[in-house]
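Colleague: One structure follows; several queries about it will come next.
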Amino acid sequence: MESSEIIFRKNIIYLRLLKGITPYRVSKDTGISMSYYYNLEDPNVQINPHFKIFDKLAAYYQISVSDLFKPQY
């Protein structure tokens, strides 16, 4: 079973690619710093995001925060 961190990373990458946008675009549109957003997607970087980050990404992709952690994407 995959960890919630791995599922989260896969989901934000999938959602970004589905929209056909770059990490830079997500960063600019959400107000998340570019380096921090790249770390969110990087499996080699340990992350401990604040809930506000999850909220921003869920709102951006028009999904619920819990959907970011469901192995559906």
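Taken together, the values in this text are just the output of simple stated rules run on the coordinates, not laboratory data. For clarity, every value in this text was computed on a predicted model and none was experimentally measured. All Cβ positions, glycine included, derive from the backbone under ideal geometry; neighbour counts span all protein chains shown.
Colleague: Which value in nm describes the separation of the simple spin-label points at Asp29 and Asn48, placed 7 Å from the Cα toward the beta carbon?
Modeller: 3.0
Colleague: Out of (i) 13.5; (ii) 12.2; (iii) 14.2, which label holds the value of Kirkwood radius over Cα pairs in Å that was computed here?
Modeller: Derived directly from the coordinates: (ii).
Colleague: Obtain the nm distance between the two label points defined at Leu17 and Ala59 by a simple spin-label model: each point lies 7 Å from its Cα along the Cα-to-C-beta direction.
Modeller: Taking the two extended label points, one gets 2.8 nm.
Colleague: Mind checking the dipole of the chain: about its Cα centre, +1 per Lys or Arg Cβ, -1 per Asp or Glu Cβ, Debye to the nearest 20?
Modeller: For the chain, the charge dipole is close to 220 debye.
Colleague: Could you sort 41-54, 6-19, 24-37 so that the peptide with the highest average Cβ count within 10 Å comes first and the rest follow in order?
Modeller: Per-residue Cβ counts within 10 Å, averaged per peptide and sorted highest first, yield 6-19, 24-37, 41-54.
Colleague: Express the relative contact order of the chain as a whole percentage, based on alpha carbon pairs under 8 Å and six or more residues apart in sequence.
Modeller: With pairs under 8 Å counted, the relative contact order is 43 percent.
Colleague: Next question, about the same structure. Work from the charge dipole of the chain (Cβ charges, +1 for Lys and Arg, -1 for Asp and Glu, about the Cα centre) and give the residue of Ser3, Leu68, Ile21 farthest towards its positive end.
Modeller: Going by the charge dipole, the pick is Ile21.
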